[in-house]
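Here the structure is laid out as structure tokens; the discussion comes afterwards.
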Amino acid sequence: MSLEAPEPATQADVGVTDDGLDYDTLEALLGDVVIDRETHLNAEAFVVQPDRVVDALSVLKNKAGFDHLSCVTAQEYEDRYESIYHLKKFDDPTQEVSVVVPTSVHDPTSQSAESVFRTADWHEREAYDLVGIEYDDHPDLRRILLPETWQGHPLRLDADQEQPQVVPLREHANPLQEDHPGGSDTMFLNIGPHHPATHGVLHLKTTLNGEQVADVESDIGYLHRCEEQMCQQGTYRHQIMPYPDRWDYISAGMLNEWAYARTAEDLADIEVPEYAQVIRTMSAELCRIASHLLALGTFALDIYGDFTAIFMYSIRDREVVQDILEDLTGQRLMFNYFRLGGVAWDLPEPREQFFEKTRDFLDELPSRLEEYHNLVTGNEVLQMRSVDTGVIEPEVAKNYGCTGPVARGSGIDYDLRRDDPYGYYEELDWDVVTEDGCDNFSRLLVRLREVEESGKIIDQCLNLLEEWPEDERTIQSNVPRTIKPDPDTEIYRAVEGAKGELGIYIRSDGTDKPGRFKIRSPCFSNLQSLPEMAEGEFIPDLIAALGSLDIVLGEVDR
Amino acid sequence: MSSHNQDTTVAQTTQEARMGEGVDDRFNSKLREAFGSSPFILTKFDNFMNWVRGSSMFMLQFGIACCSIEMMHTYAVKHDLDRFGAGVPRASPRQADVIIVPGTIVSKFAPRMKRVYDQMPEPKFVVSMGSCTCSGGPFQEGYNVLKGAEEVIPCDIHIPGCPPRPEALVYGIAKLQERIANGESSPVTVKPYELEQFGDLEQDELVQHLADQIDEEDLVMRYNWAESQ
């Protein structure tokens, strides 16, 4: 129902040539806003004065077609603070450009990008919270991950990690005390942080008007376990890899590991043998199946409110996938299987048994999916609850930086596996699933159909692996024991995680540990769009919308 | 169902038909056999209560992080914790006896978890699941992470692992039941929250400022990890 006129194609193609982007044309388009240029490994970056951020971003968005603010990275140098806006196009995510905004050490204030990209709201709040950069004209600049009483900004260079902190919780605070404030007939309701429907420790501050949601505000940070700090403390070669498993912990470990592997391999220029790429592709898709199955089970849990058959069925199928992954990696949940330059070890011996087990699962998959469709998507009750509820229009979803099944459920044809190919996906025959319903039901349907596509990918990988000549089974390339990328190399790379675009920004500082490690979590952006879906709906639809977003708090809070 | 059945039940009451002939063997268990003809046992009330507590435990449906995924698998098919009389998750802490703490506890969540724990009726038991709840686990060095659940609530059983397998969780809970049945795990009474006068913190400007901000009705948690290590 978008009323916005489609932009003429010529505008979106500024600077696009056959050899990639011509950044000189873009610089000319931006004019005097640009004061300098930097080269990052993924894209060129334009340096912009702190008070010209909106100018630069709106030109790039409206005139050059960079409609996807993928990530905002904030960091502190010895002599300045820096916010980096990583921009992409939804049509072609390989076309990237970054906008770097340096601010002085004494007054780290720059203009907010919130008026151009809605998604910048939370990203800038996070930058303020952890690094302490202030954003002018930001609608609501306060802490997002840490408690409001926190003293200092933990990712600053001089942060005292052992400083005592005081965290209050108001005792006997009456969640209904804002009932009827000043004669209005709204009611305030806390959902969470401990609540079965919030999928973890999320706190929704909901204002109800009757049974309708008048306002909903997500209060996150109940699982902020310093993932970025942990990665900045670890060495590239081995110490970082275990952590990605724990961002999106719903069995999506390999997909997350791939995000780190891809970024670090591009940063340190490491080749990955083809054989290892096939194993990676196969194991990642197994993870995607497991993750989507849990999304299905918990969505049904949200709709029906009990541990019903659907939940048990999906757990039963997850057990099968987890068994296969355990055979492969040795762990059920936290695989730590990828290595820079390949994978940890080859398929388990005897290989035939592994192939047979995996094939058995794939053979069973179509009938299982049919059962799910009979049980879930064909169920009238579920349809009544989920069709046309939690609607988010494609333009709104783009503005919020939604990716993954949430974007594809709104008809945005965006999948990094195809659009920014990595691994072995390019060689395989599969389709990107989209649905045009924009509602809770579409998002569920996208996940179920993606399980089917993942099954296709795994089947092709199995055929390849089975026929791979025995003397060419290289699982790892030669990687130096210590990896020390050149100082001040910057890179931002993303992969298609289970929930959407999972990106990582790394700046090297010449040592064997990253100088700055920033995670772009898909759930973080997706969750931000919840008010758009839920406001004006009934409260059970809010719960359904939250379930269909399929957030995992480990990744939202990091 | 069959004609044979109908023949034998013609002259009996329903109750007799159900029980069969002779002795009442509704409780046809080994236990019943051991009792012999006497339907009475003699035991200490405390022993009996401990046995009852250990045999029927209601868990709190409480998920924090990665371990909660394995916890869900433990509740669901295949591992089916309910077989051991400890697997019906209750959504309200006021209906639960056992809280499994499955995941990393960070500063913002700790007071909330304490609140949930305080809301559980006594006697209550705590299973700390995973390395994070033992020590902070892989995130121990994080600025925002508590070094174990025991800093906030008392734990009866620790199950290490990252995450522990469902089998490990089942074993841990079976051990807890055993301890409860043997009277080894005594119900803990914890004093409700009190406003700490910022204990041994130096009363500098910042501490004073924070102390002024906080209402006496507030719950306050202080984290000083340098000392807790």
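Does residue B:214 qualify as being modelled with pLDDT of 85 or more and not small (Gly, Ala, Ser)? Write out each step before concluding.
On the way: modelled with pLDDT of 85 or more: no; not small (Gly, Ala, Ser): yes.
So residue B:214 fails the test.
Just the residues that are surrounded by fewer than 23 Cβ atoms within 10 Å (Cβ to Cβ) and part of a strand (DSSP E or B), please, taken from region A:47-75.
A:47
Can you pull out every residue in region A:268-301 that is surrounded by fewer than 21 Cβ atoms within 10 Å (Cβ to Cβ) and among the acidic types (Asp, Glu)?
A:269, A:271, A:274
Which residue is surrounded by the fewest Cβ atoms within 10 Å (Cβ to Cβ), if the candidates are limited to region B:148-167 and must be modelled with pLDDT under 85 and charged (D, E, K, R)?
Ranking the qualifying residues of region B:148-167, first place goes to B:151.
Starting from residues that are touching a Pro at 6+ places or on another chain (Cβ under 6 Å), at the interface with chain A (Cβ under 8 Å from one of its Cβ atoms) and charged (D, E, K, R), keep the ones in region B:92-133 and report whichever is surrounded by the most Cβ atoms within 10 Å (Cβ to Cβ).
Taking the candidates together, the pick is B:108.
Return yes or no: is residue A:502 crowded, with 24+ Cβ neighbours inside 10 Å and either over 30 Å from residue A:224 (Cβ atoms) or aliphatic (A, V, I, L, M) (or both)?
Details: crowded, with 24+ Cβ neighbours inside 10 Å: yes; either over 30 Å from residue A:224 (Cβ atoms) or aliphatic (A, V, I, L, M) (or both): yes.
Here the answer is yes, as residue A:502 does meet what is asked.
Going by what's in this entry, would residue A:416 be described as closer than 18 Å to residue A:277 by Cβ and under 17 Å from the mean Cα position of the chain (by Cα)? Quick ask: steps written out before the conclusion?
On the way: closer than 18 Å to residue A:277 by Cβ: yes; under 17 Å from the mean Cα position of the chain (by Cα): yes.
Criteria met by residue A:416.
Do we have any residue at all in region A:256-276 that's small (Gly, Ala, Ser), closer than 19 Å to residue A:502 by Cβ, part of a loop (DSSP other than H, G, I, E, B) and assigned by TED's automatic domain parsing to the domain that holds residue A:547? First the steps, then the outcome.
Kept after step one, since they are small (Gly, Ala, Ser), are these residues of region A:256-276: A:259, A:261, A:264, A:268, A:276.
Okay, now just the ones that are also closer than 19 Å to residue A:502 by Cβ, so A:259, A:261, A:264.
After this cut, where a residue has to be part of a loop (DSSP other than H, G, I, E, B) as well, the list is none.
No, region A:256-276 has no match at all.
Sort out which residues of region A:319-336 are more than 12 Å from chain B (Cβ to nearest Cβ) and either in contact with a His (Cβ under 7 Å, 6 or more places away or on another chain) or β-branched (Val, Ile, Thr) (or both), and write them in order of number.
Passing the criteria: A:324, A:329.
Report whether or not residue A:385 is more than 14 Å from every other protein chain (Cβ to nearest Cβ) and modelled with pLDDT of 90 or more. Give the derivation first.
Working: more than 14 Å from every other protein chain (Cβ to nearest Cβ): yes; modelled with pLDDT of 90 or more: no.
For residue A:385, the condition - more than 14 Å from every other protein chain (Cβ to nearest Cβ) and modelled with pLDDT of 90 or more - is not met.
Name, by its number, the condition in (1) within 20 Å of residue A:105 (Cα to Cα); (2) not in a loop (DSSP other than H, G, I, E, B) that does not hold for residue A:155.
Every condition holds for residue A:155 apart from (2).
Quick one: in region A:209-242, which of the residues that are in a strand (DSSP E or B) and surrounded by 19 or more Cβ atoms within 10 Å (Cβ to Cβ) is farthest from the other protein chains (Cβ to nearest Cβ)?
A:213
The values are calculated or read from the model by the stated rules, or taken from the named source; none is laboratory data. What you are looking at is a predicted structure, and each value in this text was computed from that prediction instead of being measured. For neighbour counting, all protein chains shown are included, and Cβ atoms are generated from backbone atoms with ideal geometry for every residue, glycine included.
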